[in-house]
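First up is the structure itself, then whatever we jot down about it.
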Amino acid sequence: MMTVDHRYQHLQVVRSSLATVTYPLQYLAHFPSAISEIFSETLATRTDLLSNNKKLREQALFNQTKLQRLALLEQENARLRQLLSSPIQTSNEQVLIAEILSVDLHPFKQLITINKGKRQGVFDGQPLIAAKGIIGQVVEVYPMHSTALLISDPNHALLAESNRTNLRALLVGSGKTDRVELKNVSSSADIRIGDLLHTSGLDGRYPPNYPIAEVTTINNRPGEAFLYVEARPLADLDTIREVLLLWTNSPKDEESNPEENNSSLDRTSNPEPTAKQKLP
């Protein structure tokens, strides 16, 4: 029968009929393994998706953090560029950029702490400037940091001068970051709202011709010999993040220390903000 079927294929119809009858049995026998494979593939796919999703979320968070840091660095870079391109510069002066670590704006004390100290050459009484003008002076120096008194402090005073008339008067703090006061201004003095005040250089503390504030209020109080004059500091004392420590060198000092001058010029060409830089 096998020979006849092999040669003449008379049993082909019988085999087809038997295969059709037994197919459901074969399918049922294979069904558990097929279900197992489908379940395994589904589970593996879901696990991969969850893992990939977690990695993507972590990467997105990392990228967002980097973007935030880049935004902060761009803002910081803009502030540093503004400081270094400040118009309040003279040829015999050097500056060192310092970052404000903390602020103490007590009503009777206006202090800031900066991240430069004796190791960077900071000294007691050293002037501090910002991109727009004078902001204060160093009052306490430590090895790695210093404390500075803002011009808005009630205990701070300097001799200011008007750009328009060269009128000199004592400028003192009011306890508020947006206001300073001029003392002992005669009622007959030529002073107007909008006058710019700068350092006179006669108080032995601040170098001359650095802007300080703009006159905002003038009151002639009855019975008083002096005007009540208020001014607004040009520097934003409550928002600044970096300051410039100022060194003033006389021409004699420069001639007597040529090596120091050369090193200063070398430092000027280096854009790193932590080095002393000679103002152009």
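The values are calculated or read from the model by the stated rules, or taken from the named source; none is laboratory data. Since the model is a prediction, treat every value here as computed from it, not as a measurement. As a convention, Cβ positions derive from the backbone with ideal geometry for all residues, glycine included, and neighbour counts pool all protein chains shown.
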Only one of Leu197, Leu245 is touching a Lys or Arg at 6+ places or on another chain (Cβ under 8 Å), at pLDDT 90 or above, among the hydrophobic types (A, V, I, L, M, F, W, C) and in a strand (DSSP E or B), namely Leu245
Of all residues in region 135-167, which are under 16 Å from Glu214 (Cβ atoms) and under 19 Å from the mean Cα position of the chain (by Cα)?
Ile135
Scanning region 52-81 residue by residue, the ones that are modelled with pLDDT of 75 or more, under 30 Å from Thr248 (Cα atoms) and either out of contact with any strand residue (DSSP E or B) (no Cβ under 8 Å at 6 or more places or on another chain) or surrounded by fewer than 11 Cβ atoms within 10 Å (Cβ to Cβ) (or both) total 3
Looking only at region 142-183, and only at residues there that are part of a loop (DSSP other than H, G, I, E, B) and of a type in the set (S, T, N, Q), the one that is farthest from Gly204 (Cα to Cα):
Thr177
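Here's the yes/no breakdown for (1) under 21 Å from Lys116 (Cβ atoms); (2) β-branched (Val, Ile, Thr); (3) outside any helix (DSSP H, G or I); (4) at pLDDT 90 or above:
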residue: Asp190; (1), (2), (3), (4): no, no, yes, yes
residue: Ile193; (1), (2), (3), (4): no, yes, yes, yes
residue: Glu214; (1), (2), (3), (4): no, no, yes, yes
residue: Leu227; (1), (2), (3), (4): no, no, yes, yes
residue: Arg267; (1), (2), (3), (4): yes, no, no, no
residue: Pro280; (1), (2), (3), (4): no, no, yes, no
Taking region 103-126 and the residues there that are of a type outside the set (D, E, K, R), in a strand (DSSP E or B) and surrounded by 11 or more Cβ atoms within 10 Å (Cβ to Cβ), the one that is modelled with the lowest pLDDT would be Leu105
Is it the case, given these coordinates, that Thr199 is within 25 Å of Leu227 (Cα to Cα) and touching a residue at least 60 places away in the same chain (Cβ under 8 Å)?
yes
Does Leu171 count as crowded, with 16+ Cβ neighbours inside 10 Å and either charged (D, E, K, R) or modelled with pLDDT of 95 or more (or both)?
yes
